[in-house]
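All remarks here apply to the structure that follows.
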Amino acid sequence: METTGRRLRADAERSVRTILEAAERLLSENPGATMEQIAEAAGVARTTVHRRFASREALVETMATSAWQEISEAVDAARPHTAPPLIAMHQATANVLQIKSGWRFALGTLPPPGEEAARIYDEVMAKCDVVFTRALEAGILRPGTDLLWARQVYLALISEVVHGSPAAGPRSADDPDALAALVIDTLLYGLAPR
């Protein structure tokens, strides 16, 4: 993790991670939280936060970059280029659901703030497109499927799982595999009987 272009010492890296986690918790509850409130929630001095992050915007950009880097690694772990497309789609979905639930604020803005986060986001979308293209070629998606629309619906389903209303009923929040199966099943078959 880097915040100023150079590698941090292990203790400084832990301090930054603590600040990012506290900022995520606090900003998810109160998007108007100040740097001082974030420092207090992280259990560090205000000067420590300001030394690591020049501004609130820099903190939010670092949060987004960290979150999107985790998403990118989670998608890579699903082997989008080599695993059978349905397996890659399921595994990437389960992995992403786990990460998105911990970064609701940081991942809540599209496009993500900052050049680095936006670059990583674009890479993730390209990997998603690879899986959808492979799914189309394998006959998992019907011929002529608009892949951009399919991706948009897929991402909306993931967002609904993470951010949806609690009134929607139980979702087995502790079971990302069950949620991933629900997302993929809904994407591929909708609500019609099979």
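The values are calculated or read from the model by the stated rules, or taken from the named source; none is laboratory data. Model, not experiment: these values are computed from the prediction. Neighbour counts run over all protein chains shown; Cβ positions are idealised from the backbone, glycine included.
The table for this structure:
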{"quantity": "Matching helices (runs of 4 or more DSSP H) fully within the stretch 100-194 where at least 1 residues are at pLDDT below 90", "calculated": "147-163"}
{"quantity": "Of all residues making up the stretch 122-142, the number that are more than 23 Å from A64 (Cβ to Cβ) and acidic (D, E)", "calculated": "1"}
{"quantity": "Residue check, L97 closer than 26 Å to N30 by Cα and either modelled with pLDDT of 95 or more or in contact with a Leu (Cβ under 9 Å, 6 or more places away or on another chain) (or both)", "calculated": "yes"}
{"quantity": "Top-ranked residue of the stretch 60-108 - restricted to ones that are over 30 Å from H50 (Cβ atoms) and in contact with a Phe, Trp or Tyr (Cβ under 9 Å, 6 or more places away or on another chain), ranked as surrounded by the fewest Cβ atoms within 10 Å (Cβ to Cβ)", "calculated": "P85"}
{"quantity": "Residue in the stretch 117-124 that is under 18 Å from I184 (Cβ atoms), free of Cβ contacts under 8 Å to residues at least 60 places away in the same chain and among the basic types (K, R) present", "calculated": "no"}
{"quantity": "Residue count, the stretch 66-121 (criterion: of a type in the set (S, T, N, Q) and closer than 25 Å to L136 by Cβ)", "calculated": "5"}
